[in-house]
Amino acid sequence: MTRDDCYLLGKITKTHGLKGELAIWLDVDYPEDYEELDSVLLEIKGELVPHFVEEIQIRPNKSIIKFEDIDTIEEAQKIVNCDIYLPEDNLPELEEDDQFYYHEIIGFVIIDEVKGKLGKVLAVYTSDRQDLIAMQYEGKEVLIPIDDDIVKTVDRKKKELYTNLPEGLLEVYLDDNATQEPDDDDLEEHQ
């Protein structure tokens, strides 16, 4: 199984306790959906390696996981900072056709109701305040707020994302005096 067949679930952030437990950050909207995990894939030296879950405790800001065969803090330390993946077929079905997972729209063409074809989705940035779609437009990175009034629908077969951009949004980024870089402390990239 390759990363292309999987989605990023989260990351191991640090050890927790002395018996091999680990603190993990889950990059999902509903962490409680993952309380019954049997196994995950950890990216170790570029390879996805299966690990069986002995126990997982979902908490609001961080969750704690214990893997089978990892019983000491020394063993746990070896996998700190590893990304956690699950196969894409583990994703819950979306309730509506116009909903999408952020990772699946990377590379989709953005088509605006007024301006037409604009560019491709390069990344999706998430923050506590606003999630943003990044695209390249006329040589500049443009950030599009993810909002139901702006991002309308998606066509998975055509790999297209349909928008209704606020008037003047593109022009803000084309003005050489405009700030173009998101604050690295506030944003996390999903690819």
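Computed from the coordinates by the stated procedures, all read-outs in this text should not be read as laboratory data. The model shown is predicted, which means the values in this text are computed figures rather than measured ones.
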*Only one of the listed values, [x] 9, 36, 37, 11, 4, 2, 0; [y] 8, 31, 30, 20, 10, 2; [z] 9, 33, 37, 17, 3, 0, was derived from the coordinates as P(r) over Cα pairs in 10 Å bins from 0, in percent; which label is it?*
[y]
*Please give the contour-minus-distance gain from D175 to I150: 0.36 nm per residue of separation, less the Cα-Cα distance, rounded to one decimal in nm.*
6.9 nm
*Let me have the 222 nm mean residue ellipticity of the chain computed from DSSP H runs of 4+ only, each contributing -39500 (n - 2.57), with the sum over all residues rounded to the nearest 500.*
-1000 deg cm²/dmol
*Keeping to pairs on different chains or 8 or more places apart, tell me how many lysine pairs in region 82-165 have Cα atoms under 19 Å apart.*
14
